[in-house]
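The values are calculated or read from the model by the stated rules, or taken from the named source; none is laboratory data. Keep in mind the model is a prediction, meaning the values are calculated, not measured. Cβ sites come from the backbone with ideal geometry, for glycine too, and all protein chains shown count toward neighbours.
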Amino acid sequence: MRILIVEDEAGLADALQYILEKNGYQVDVVYNGLDGEAYALQNIYDGIVLDRMLPGKDGMDILKEMRRSGIHTPTMFLTAKDTVNDRVDGLDAGADDYLVKPFSNKEFVARAGALVRRSESFVRNEEISLSGTVLNSNQCTYVIDGKTVRLTKTETQLLELLMRNRNQVITKEQILDKIWGFNSDVEIANVELYIFYLRKKIDFSSAQLELKTIRGVGYSLITRDGVRPEANG
């Protein structure tokens, strides 16, 4: 299970990451609102722990943007704002839980576990369409040229990332961070391997798509009407 922590107090964020990883979770950590929103909108997490007061972008605004974008990842606010109105505002914005600082480690782990279980029980049947193709991220299937291709979870996450960022260059490092996590021991070679798997399973040209390698940088999924990206520098 993968959890995102968005918390600007680095010491606290790192401590929470350590606690969750000791309990078997895969954890990504970001320390400001702008990065937090970018990570959250990738829609690859089973739970999100979100501070309300963040530099760059407020936690409430991040959560509202997630919900407007159709992202229903269970989210828990972690905040010092402890009035009844604060709690009501947070829940009204779409939060699934609200934990006030300071708190015990035991309670935090219990709340995070409940958050992830909520994700497991929530049937996410999101479909992403592009150039007549359809990716079902819940069923891990991709329909192209009338044929259904079955994918692994990692392949699905990678293809979803490429589709959501079509006609844009995604570096290998960005893919590594988004799919396997910022602090993962997975190497760049894994990215190249999963790109190979996608190309082997899917004939993108049948939908006038191209999974293009940007030499020395990364990859881009190009649509028929898209502008072919070039590597910077």
### Task
Given the conditions (1) closer than 19 Å to ARG67 by Cα; (2) modelled with pLDDT of 85 or more; (3) assigned by TED's automatic domain parsing to the domain that holds SER205, report the number of the one that TYR98 does not fulfil.
(3)
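Could we say that ASP89 is over 28 Å from LEU162 (Cα atoms), in a loop (DSSP other than H, G, I, E, B) and either under 17 Å from the mean Cα position of the chain (by Cα) or of a type outside the set (A, V, I, L, M) (or both) here? Don't jump to the end; show me each part of the working.
Working: over 28 Å from LEU162 (Cα atoms): yes; in a loop (DSSP other than H, G, I, E, B): no; either under 17 Å from the mean Cα position of the chain (by Cα) or of a type outside the set (A, V, I, L, M) (or both): yes.
Answer is no for this residue.
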### Task
Please specify each residue of the stretch 195-218 satisfying the condition of being in contact with a helix residue (DSSP H, G or I) (Cβ under 8 Å, 6 or more places away or on another chain), buried (at least 17 other Cβ atoms within 10 Å of the Cβ) and more than 20 Å from SER129 (Cβ to Cβ).
ILE195, VAL217, GLY218
### Task
Evaluate the stretch 117-126: report whether one residue or more is assigned by TED's automatic domain parsing to the domain that holds ALA10, under 18 Å from VAL30 (Cβ atoms), surrounded by 14 or more Cβ atoms within 10 Å (Cβ to Cβ) and under 21 Å from the mean Cα position of the chain (by Cα).
no
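When you scan the stretch 134-154, how many residues do you find that are out of contact with any Asp or Glu (no Cβ under 8 Å at 6 or more places or on another chain) and part of a strand (DSSP E or B)? First the steps, then the outcome.
Initial filter on the stretch 134-154 (out of contact with any Asp or Glu (no Cβ under 8 Å at 6 or more places or on another chain)): 139, 141-143, 146-154.
Now restrict to residues that are part of a strand (DSSP E or B): 141-143, 147-150.
Qualifying residue count for the region: 7.
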### Query
Just a yes or no: is a residue in the stretch 58-81 in contact with a strand residue (DSSP E or B) (Cβ under 8 Å, 6 or more places away or on another chain), farther than 13 Å from ALA112 by Cα and among the polar types (S, T, N, Q)?
yes
### Task
Looking at (1) among the aromatic types (Phe, Trp, Tyr); (2) in contact (Cβ under 8 Å) with a residue 24 or more places away in the chain; (3) closer than 19 Å to SER104 by Cβ, find the lone condition where TYR31 falls short.
(3)
### Summary
Counted residues in the stretch 63-86 being buried (at least 17 other Cβ atoms within 10 Å of the Cβ), within 17 Å of the chain's Cα centre (by Cα) and polar (S, T, N, Q) come to 2
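Mind checking which residues of the stretch 106-115 are surrounded by fewer than 14 Cβ atoms within 10 Å (Cβ to Cβ) and not small (Gly, Ala, Ser)? Working first, answer last.
First pass over the stretch 106-115, keeping only residues surrounded by fewer than 14 Cβ atoms within 10 Å (Cβ to Cβ): 106-107, 110.
Across the stretch 106-115, the qualifying residues are LYS106, GLU107.
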### Task
Give the stretch 40-51 a look and list any residue that's crowded, with 22+ Cβ neighbours inside 10 Å and over 17 Å from ARG117 (Cα atoms), or say none.
ALA40, LEU50, ASP51
### Task
Check VAL109 against each of (1) touching a residue at least 24 places away in the same chain (Cβ under 8 Å); (2) aliphatic (A, V, I, L, M); (3) part of a helix (DSSP H, G or I); (4) in contact with a strand residue (DSSP E or B) (Cβ under 8 Å, 6 or more places away or on another chain) and name the one condition it does not meet.
(4)
### Task
Mind counting the residues in the stretch 155-176 that are touching a strand residue (DSSP E or B) at 6+ places or on another chain (Cβ under 7 Å) and either in a loop (DSSP other than H, G, I, E, B) or aromatic (Phe, Trp, Tyr) (or both)?
4
### Query
Looking at (1) at pLDDT 85 or above; (2) more than 26 Å from GLN17 (Cα to Cα), which is the one condition that is false for VAL123?
(1)
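Taking LEU16, is it farther than 26 Å from LEU162 by Cβ, in contact (Cβ under 8 Å) with a residue 40 or more places away in the chain and in a helix (DSSP H, G or I)?
Details: farther than 26 Å from LEU162 by Cβ: yes; in contact (Cβ under 8 Å) with a residue 40 or more places away in the chain: yes; in a helix (DSSP H, G or I): yes.
Yes; evaluated as a whole, the condition is true for this residue.
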